1. Filter region 430-445 down to the residues that are assigned to a loop (DSSP other than H, G, I, E, B) and surrounded by 12 or more Cβ atoms within 10 Å (Cβ to Cβ) and list them by number.
2. Within region 140-148, identify whether any single residue is open to solvent by 10 Å² or more (accessible area, probe 1.4 Å), within 16 Å of ligand 1 (Cβ to nearest atom), closer than 25 Å to Ile35 by Cα and among the charged types (D, E, K, R), and answer yes or no.
3. Would you be able to say whether some residue in region 86-96 is away from ligand 2 (no atom under 16 Å from the Cβ) and among the β-branched types (Val, Ile, Thr)?
4. Out of the strands (runs of 3 or more DSSP E) lying entirely within region 124-171, which hold 2 or more residues that are without any contact (Cβ under 8 Å) to a residue 60 or more places away in the chain?
5. Mind counting the residues in region 108-123 that are more than 16 Å from ligand 2 (Cβ to nearest atom), assigned to a helix (DSSP H, G or I) and either modelled with pLDDT of 95 or more or open to solvent by less than 40 Å² (accessible area, probe 1.4 Å) (or both)?
6. When you go through (1) surrounded by fewer than 22 Cβ atoms within 10 Å (Cβ to Cβ); (2) in contact with a Ser or Thr (Cβ under 8 Å, 6 or more places away or on another chain); (3) at pLDDT 95 or above one by one for Gly258, which number turns out not to apply?
7. Would you confirm whether or not region 455-462 contains a residue that is open to solvent by less than 30 Å² (accessible area, probe 1.4 Å) and either at pLDDT 80 or above or at positive phi (or both)?
8. Suppose we filter region 178-200 for residues that are closer than 20 Å to Ser372 by Cα, more than 16 Å from ligand 1 (Cβ to nearest atom) and either open to solvent by 10 Å² or more (accessible area, probe 1.4 Å) or assigned to a loop (DSSP other than H, G, I, E, B) (or both); how many remain?
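The values are calculated or read from the model by the stated rules, or taken from the named source; none is laboratory data. Because the structure is a prediction, the values reported are computed rather than measured. Virtual Cβ from ideal backbone geometry, glycine too; neighbours counted across all protein chains shown. Heads up: the accessible areas ignore ligands, DNA and RNA and are worked out on the full protein's heavy atoms, side chains in. Shrake-Rupley method; radii C 1.70, N 1.55, O 1.52, S 1.80 Å.
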Amino acid sequence: MSSAMAKPRLRVIPLGGLSEIGKNMMVVECQDDIIVIDCGLMFPDEEMLGVDLVIPDITYLLERRDRIRGMLVTHGHEDHIGALPYLLPQLDVPVYATKLTHGLISVKLKERKALAGADLRVVTPGETITLGCFDVEFFPVCHSIPDSTGLIIDTPVGTVVHSGDFKLDFTPVSGKPTDLSRLAEAGKDGVLLLLSDSTYAERPGYTPSEKVVSEALDRIMAEAPGRVIITTFSSLVSRIQQVIDSAAKHGRRVFVVGRNMSNIVRMAQELGYLNAPEGILGRLDEIKGMPHDKIVFVTTGSQGEPTSVLVRMANRDHRQLHILPGDTVAISATPVPGNEALVARTMDNLLRQGAQVVYGSTAPVHVHGHGSQEELKLLLNVVKPRYFVPIHGEYRHLSIHARLAQSVGIPAEHIFVMDDGDVLEVGPETARVSGKITSSNVYVDGLSVGDIGTVVLRDRKMLARDGIVVVIIAINRQTGKLVGRPDIVSRGFVDTRESKDMLDESRDLVARVLDRGGDRPAQWSFVNIKVRDTLNKFYYEHTKRRPMILPFMVKV
Ligand SMILES: [Zn+2]
Ligand SMILES: [Zn+2]
């Protein structure tokens, strides 16, 4: 062992959220201590057939569980809290978050029956908590959900600033503007490393203020001839506040429809994050007989989620609510990448039912919660970090953010565009990506977590594309030899009537190939491979398709 004390170094490892939008999770390690920032989920893309959710792979953390001092959650969006019901029971560490975020986490854990035994702790912005060798301060940032925070983390190596999700709205609806003076102070004392939100790094200029949305909602409430239906994310508490404010101004009452959104509205009201004047919020059974121009519904479905209230209304599938001519539907959210087609279909169906539909391209009914280029530059200028890692974004967002950092004077060799699993080692004077750990996607499908791998997904893709052919081969129990011609059953491959000859020919082919063995008894492994190879080739030659081929042996 060397006599000189080794200087401590920081290890910063993203387990999610880099080179993708969603499932944010960042590991910060120093000496014997580990803290984890955020625990989010990602919605599957169209390649991930049948997968409900994607969450981070926490193998690395499970192997070091005893060193984890806590989980810090920056705010209550799905891409920051959504994996908690699946991962928290495995990690079993205290979770720190501000009051509203804490409330949203509790609602979520309760819905998934994972609340019992969870150690959830509330922190106030400005408060510092000590976790091993880390001193962590939550500071307020403005984002599309109240009580959002970034983190200032004092470590033995230097100060790390994590921006959370943020923008610099100076007239936010609820919550505080981003605390730039606190960040400037940290910048003056010296910041070793900045991790900053890149979601909107492609956008020049500034993100418009939430105020713009209030004005658009006001216009809709004033002008709509009948009922107004506003759909947004259930966690967009500030948007729900805007709807309530605007409805109150125009003498309308607000009805929150859907279990999840109702739960969140109740919780946010109890915690004081949502203020509704007496009598504004109503129950659905009260709408009978009410004039239509006095009614506002708020509900989910802005992403075209098939089970949401709005989509069921659009498809005439909701028990209590139907679209009526004269209804105005405002989609107060932009589709998360991958959901565009679902949203477009929902809008078409609403229009077919006689509703008016207002959305992003027709009126500013939504603004983004993330800072655009000028805001990102401002943050970089205020914090003045020695090293910079763009976080929260796809590869192009991260690289654009890296270029913005260079444009404000951070040397290129101090900027690290990282991927999930990359290990960044930071000392007081040096920093480098020193390795990579495994950090694949973990798929949640129905009730099970993690049993869907790339093989299952590949199979699903194959089934979806070219169908399946089952080959039933009868073998004599005594002699082990083939009995008769094999049977072939197919689904999703070809029209079985039209292609009867071709399928028949393939049965003969299999019989011939298996008969070639003469008196030798059929070995299953041989039959399996032989049948697949033969049919793969035959079907491809005849159809240019590659169905999944499933040989099946029965003994008779
Ligand atoms: Zn967010
Ligand atoms: Zn986010």
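1. Of all residues in region 430-445, those assigned to a loop (DSSP other than H, G, I, E, B) come to 430, 437-440.
Ile437, Ser439, Ser440 - these are the residues of region 430-445 that are assigned to a loop (DSSP other than H, G, I, E, B) and surrounded by 12 or more Cβ atoms within 10 Å (Cβ to Cβ).
2. yes
3. In the first step, residues of region 86-96 are kept if they are away from ligand 2 (no atom under 16 Å from the Cβ); the result is 86-96.
Remaining after also requiring among the β-branched types (Val, Ile, Thr): 93, 95.
Yes, some residue in region 86-96 is away from ligand 2 (no atom under 16 Å from the Cβ) and among the β-branched types (Val, Ile, Thr).
4. Numbers: elements: 128-131, 134-140, 149-154, 159-162.
Per the criteria, 128-131, 134-140, 149-154.
5. As a first pass, look at region 108-123 and keep what is more than 16 Å from ligand 2 (Cβ to nearest atom): 109-123.
Next, from what is left, pick out any that are assigned to a helix (DSSP H, G or I): 109-111.
From what's left, either modelled with pLDDT of 95 or more or open to solvent by less than 40 Å² (accessible area, probe 1.4 Å) (or both): 109.
Total meeting the criteria: 1.
6. In the conditions (1) surrounded by fewer than 22 Cβ atoms within 10 Å (Cβ to Cβ); (2) in contact with a Ser or Thr (Cβ under 8 Å, 6 or more places away or on another chain); (3) at pLDDT 95 or above, Gly258 misses (3) alone.
7. The first filter runs over region 455-462 and keeps only residues open to solvent by less than 30 Å² (accessible area, probe 1.4 Å), leaving 457.
Cutting the leftovers down to either at pLDDT 80 or above or at positive phi (or both) gives us none.
Checked region 455-462: no residue is open to solvent by less than 30 Å² (accessible area, probe 1.4 Å) and either at pLDDT 80 or above or at positive phi (or both).
8. Narrowing region 178-200 to residues closer than 20 Å to Ser372 by Cα: 178-181, 183-184, 194-200.
Filter again for more than 16 Å from ligand 1 (Cβ to nearest atom), leaving 179-181, 183-184, 194.
Going one step further and asking which of them are either open to solvent by 10 Å² or more (accessible area, probe 1.4 Å) or assigned to a loop (DSSP other than H, G, I, E, B) (or both), we end up with 179-181, 184.
So the answer is 4.
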